[in-house]
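Comments concern the structure below.
The values are calculated or read from the model by the stated rules, or taken from the named source; none is laboratory data. Here the structure is a predicted model, which means the values were calculated and not measured. A quick note on method: Cβ atoms are made from the backbone with ideal geometry, for glycine too, and the neighbour counts reach across all protein chains shown. The protein model used for the area step is the full one, side chains on, heavy atoms only, and it has no ligands, DNA or RNA in it. Shrake-Rupley method; radii C 1.70, N 1.55, O 1.52, S 1.80 Å.
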Amino acid sequence: MKLSGITTTTTELLDGLCDRGNRMAWEEFDRRYRPILMALSAILQAVERVLLTLWVGGLWMTGLVVAPVLFRHYERMVAGEIAGLLFGAVSLLGTLCGALLLVFAAARARQRMWRDWRAGVLVVMLAFTVIGEFGLATRMRELKELMVLPSATPAVLSEFGRLHGVASLLFLLNSALGLVLVIFGIRPRVQAGN
């Protein structure tokens, strides 16, 4: 069945869409598929919010609640060991969430992705997470093993302290950047007329 020069079959509709000037085909496409695309967009927005909440919530919960409680109620070495495991788990979660959020941002914005400051914040957060977990934390675990030996030198303790300070700073920066994304949203606001 034809409607004003186009048929109602999907194949012929798609053929009509090859011509950008075929207004009738585009209107028919919009009529048929806008509800589906809008529902998919809403689902993807919800998934993005959940991923951001998991990552940033994990950062804040671990850094501001769990770690201080551990160090207040347990012996320093035990608290440090448990905190290290928790920070490692949050880093792995952050790496996964950050990578997925970047994939969504790239799919949504294509070439315009890097014009949005939020994508830059995501890249910085992901870089801090990877550096912290696979660079600093790896070396800190090696130093912890050396620190329990009777032959542990002050240089080992000093290096551990420096790395711990850098890791803490990266974690704090990540927590603050994550809060910025929570406040302003992961997606740019759509301006009227866009």
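Name the helices (runs of 4 or more DSSP H) wholly inside region 27-144 in which the number of residues that are touching a residue at least 24 places away in the same chain (Cβ under 8 Å) is 3 or more. Filter on region 27-144 gives 76-109, 117-130.
Total residues in region 13-38 satisfying the condition of being over 26 Å from R108 (Cβ atoms) and hydrophobic (A, V, I, L, M, F, W, C): the figure is 1. Does any residue of region 42-50 turn out to be among the acidic types (D, E) and either open to solvent by 60 Å² or more (accessible area, probe 1.4 Å) or closer than 22 Å to G165 by Cβ (or both)? No - not one qualifying residue is present in region 42-50. Restricting region 145-165 to residues that are open to solvent by less than 70 Å² (accessible area, probe 1.4 Å) and modelled with pLDDT of 90 or more leaves a set whose member that is farthest from L101 (Cα to Cα) is S158. Can S158 be described as among the small types (G, A, S) and more than 22 Å from L64 (Cα to Cα)? So S158 passes the test.
Please verify whether T95 is among the hydroxyl-bearing types (S, T, Y) and exposed (fewer than 15 other Cβ atoms within 10 Å of the Cβ), treating the condition exactly as stated. Answer is no for this residue. Just one of the listed residues (A137, A127) is at pLDDT 90 or above, over 18 Å from the mean Cα position of the chain (by Cα) and farther than 17 Å from R49 by Cα, and it is A137.
For region 72-92, taking the residues that are within 16 Å of L52 (Cα to Cα) and not small (G, A, S), the one that is most open to solvent (accessible area, probe 1.4 Å) is identified as L92. R76 falls short of the stated requirement of being among the charged types (D, E, K, R) and farther than 19 Å from M140 by Cα. Of note, G16 does not satisfy the criterion of being in contact with a helix residue (DSSP H, G or I) (Cβ under 6 Å, 6 or more places away or on another chain), touching a residue at least 40 places away in the same chain (Cβ under 8 Å) and over 21 Å from K144 (Cβ atoms).
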